[in-house]
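Only one structure is covered here, and it is reproduced in the block below.
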Amino acid sequence: MRSKTMSKKKVLLMGKSGAGKTSMRSIIFANFMARDTMRLAPTSKH
């Protein structure tokens, strides 16, 4: 019998700076259109 609770899955996006990781995240998980990702500001290091 399967558990009725949903388990959360994690996805790790790896790549060089400027490779488009934030854009991919926005398209896949936030339902952005590809053309809308051009408006995203560059991600800065902490």
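Bear in mind that the values in this text are calculations on the coordinates, not laboratory data. Note that this is a predicted model, so its numbers are computed, not measured. Note: ideal-geometry Cβ built from the backbone for every residue, glycine included; neighbour counts use all protein chains shown.
Can I get the semi-axes of the chain's equivalent ellipsoid? Compute them from the C-alpha gyration tensor as square roots of 5 times the eigenvalues, in angstrom, largest first.
Values: eigenvalues 160, 42, 14 Å².
Semi-axis lengths for the chain are 28, 14, 8 Å.
By per-residue mean of other Cβ atoms within 10 Å, what is the highest-first order of 23-35, 7-19?
Working: 23-35: 12.2, 7-19: 7.2.
In decreasing order of mean packing, 23-35, 7-19 become 23-35, 7-19.
Rounded to the nearest 500, what is the 222 nm mean residue ellipticity of the chain from helices alone, with -39500 (n - 2.57) per DSSP H run of 4+ residues and division by all residues? Write out the running numbers ahead of the final one.
Values: 1 runs with 9 residues, N = 46.
Taking each H run of at least 4 residues, the total per residue is -5500 deg cm²/dmol.
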